[in-house]
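Here is the structure we will look at.
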C-alpha cells in the first residue's frame, strides 16, 4: 500500500522537521483516509482523517490563510467517514465547522472553493436528514448564496460601457 508507506515516511520526516513536513503528513493522512473509506475500511479511514484534522488544527493558528482551508477540507473528509459509519451527529458537526471555516475563503475565491463547499454542504444536509433535523438556515443560506456565480450579461463585456 503506497499511501501508507508515504504517510509513514512523512511521519518520520515530521518528527525531524515538523515545520516543513507536518503539513505533508496531514495531507497524506487525509488522502489515506479517503482512500481507505473508498475501500470500505471505515474505522481506519476515521483514524487517518481524525489525525489529519488534529494536525491542521495545530497548524492553522500559525498560518491561517494556508491551513484553514486545509482544515476545512479535512473536516469534510472526516464528516464523510463519520456519516458512512452512521455517526450522523458527529458528521453534522464536522461538516458545519468545515463550512464555517471555508465560508470566508469561498467569498474571496469562489472559483477555488465552490466545489469543495458544495460537496461539504451536501454532506451537511445528508447528516441533518439522517438525524431528522432541519439544517441551520443561516449557514445554508450564506453558503448557497456564495455558491451561485453572478451571470454576466451577454451584451456587456467587463470594462465596457453598456
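Please give the FRET efficiency for residue 134 paired with residue 84, using the beta carbon to beta carbon distance and R0 = 35 Å, rounded to the nearest 0.05.
Working from the Cβ atoms, E equals 0.95.
Under a point spin-label approximation (7 Å from Cα along Cα-to-Cβ), what is the residue 66-residue 100 distance to one decimal in nm?
Inter-label distance under the simple model: 2.6 nm.
Going by how many other Cβ atoms sit within 10 Å of their own, how do 119, 53, 148 line up, fewest first? Don't skip to the answer; put the middle values down first.
Working: 119 15, 53 26, 148 9.
Ranking 119, 53, 148 by Cβ neighbours within 10 Å, fewest first, gives 148, 119, 53.
For 34, 73, 120, what's the fewest-to-most ordering of other Cβ within 10 Å of each Cβ?
If I rank by nearby Cβ atoms, fewest first, I get 34, 73, 120.
Every number in this text was worked out from the coordinates using simple rules, so none of it is lab data. No experiment lies behind these values; they were computed from the predicted model shown. Cβ sites come from the backbone with ideal geometry, for glycine too, and all protein chains shown count toward neighbours.
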